[in-house]
Amino acid sequence: MIDWTDRHCRYFHRQISREALLYTEMVVADAIIHGPRERLLGHDATEHPLALQLGGSDPAKLAEAVKIAEPYRYDEINLNVGCPSDRVQSGTFGACLMLTPETVAECVAAMKAVATAPVTVKCRIGVDEQEPEEALPELITRVLDAGADAIWIHARKAWLKGLSPKENREIPPLDYEIVYRMKQRWPDVFIGINGGIRTLDEAASHLAHVDGVMLGRAAYQNAAVLADVDHRFFGAPAAEPDWEALRDRMMVYAERHIAGGGRLQHVARHMVGLFTGLPGARRYRQILSSDAVKNGAGPEVLAAAFAAVDFSGTEPAAVSA
């Protein structure tokens with residue numbers, strides 16, 4: 001979720017679900033070592049539980065990045081072995097590491113040696129001409145032997161040549177059953193599933209077979225899907241979403257960000273898909289998309305956008321589906 005799940009997005013999502021584990025966008029180890037660390041690693045305390053997702057293929061650099069991130073107190077450190085984008089491939093990390101599971105194991109071992117938080121791996125079921133029934137178990141075996149605490153599996157192959165990142169999220173067929181089989185093979189290991197999951201009902205069905213469900217674009221494109229997560233999966237009391245309270249919290253947050261030299265657009269761009277399916281959602285999107293980008297735009301734009309929505313007791317379809 002590069003360029004998507006930044007600190008503003010995560011703060012927004014945390015206002016909707018208090019319990020869901022949030023992930024940073026993938027941050028390259030080299031960037032942490034040589035770049036602006038506070039901008040890359042800083043976050044609001046309310047974002048926890050929060051996982052840092054790293055990209056890289058050099059064990060020493062990944063270990064150094066983990067040590068640098070230690071004062072930021074992330075709840076999990078995740079190594080991305082699933083991203084298929086060209087710029088990730090050019091750095092020899094992401095999904096192309098599926099081809100060298102021994103390198104992934106070396107990276108995990110180096111990270112575990114210095115991490116105080118759990119170290120996890122997110123992967124695909126295979127890449128290119130790999131046979132998933134062989135490639136996926138080999139990767140899992142190696143990273144578990146290296147000390148990995150959990151495995152997140154995107155239930156699609158990645159085709160490194162011939163498909164764009166967008167096509168890699170849509171064209172390779174989903175194979176949830178192979179993920180289920182990995183859980184059966186390693187019953188004592190936390191194994192989570194990812195890929196094409198759009199509703200909480202779908203998430204619940206997967207949880208009959210695996211330990212966790214990861215929502216990516218479904219949660220970003222309609223964050224209201226998170227509104228019932230705490231009740232359905234974490235035992236919180238059932239309650240209607242308090243959209244007015246959310247509005248007020250985001251206005252305060254936006255005002256603080258602007259006062260620090262930021263722009264409303266940095267916050268508002270992550271909120272555009274919130275009310276998909278509700279009357280007034282189109283006008284809501286129009287206000288955020290057009291007015292939040294203007295010079296001098298302030299929190300009052302958020303108030304105007306929320307005022308355009310007719311809540312009238314009707315929840316977005318994705319929440320109740």
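The values are calculated or read from the model by the stated rules, or taken from the named source; none is laboratory data. Keep in mind it's a predicted model, so treat the numbers as computed, not measured. No Cβ is skipped: glycine too gets one built from the backbone with ideal geometry, and neighbour counts run over all protein chains shown. Only protein heavy atoms, including side chains, enter the accessible area calculation; ligands, DNA and RNA are left aside. Shrake-Rupley method; radii C 1.70, N 1.55, O 1.52, S 1.80 Å.
Using only the alpha-carbon atoms, what does the chain span along each of its principal axes? Please give whole angstrom values in decreasing order.
Extents along the principal axes, in whole Å: 54, 42, 40.
Which longest run of the chain has no exposed loop site in it, a site being GluC sites (Glu not before Pro) in a DSSP loop with at most 15 other beta carbons within 10 Å, and the site itself not part of the run?
Between exposed loop sites, the widest span is 171-321.
Given a 1.4 angstrom probe, what's the average accessible area per residue across region 95-236, in square angstrom?
42
Taking the solvent-accessible surface of protein heavy atoms with a 1.4 Å probe, what is the per residue accessible area of region 9-71 in Å²?
37
Hydropathy at least -0.5 by Kyte-Doolittle, axial extent at least 18 angstrom from the Cα trace: which helices of the chain, defined as entire DSSP H runs, fit?
Span-like helices in the chain: 101-114, 132-145, 243-259.
Can you give me the % of accessible surface on the chain that is carbon or sulfur? Probe 1.4 Å, all protein chains present, nothing else counted.
For the chain, the apolar C and S fraction of the accessible surface comes to 51 percent.
Counting only the heavy atoms of the protein chains, how much of ASP44 is accessible to a 1.4 Å probe, in Å² to the nearest 10?
Around 40 Å² of this residue is reachable by solvent.
Could you state the number of Å between the C-alpha centres of region 67-86 and region 245-281?
26
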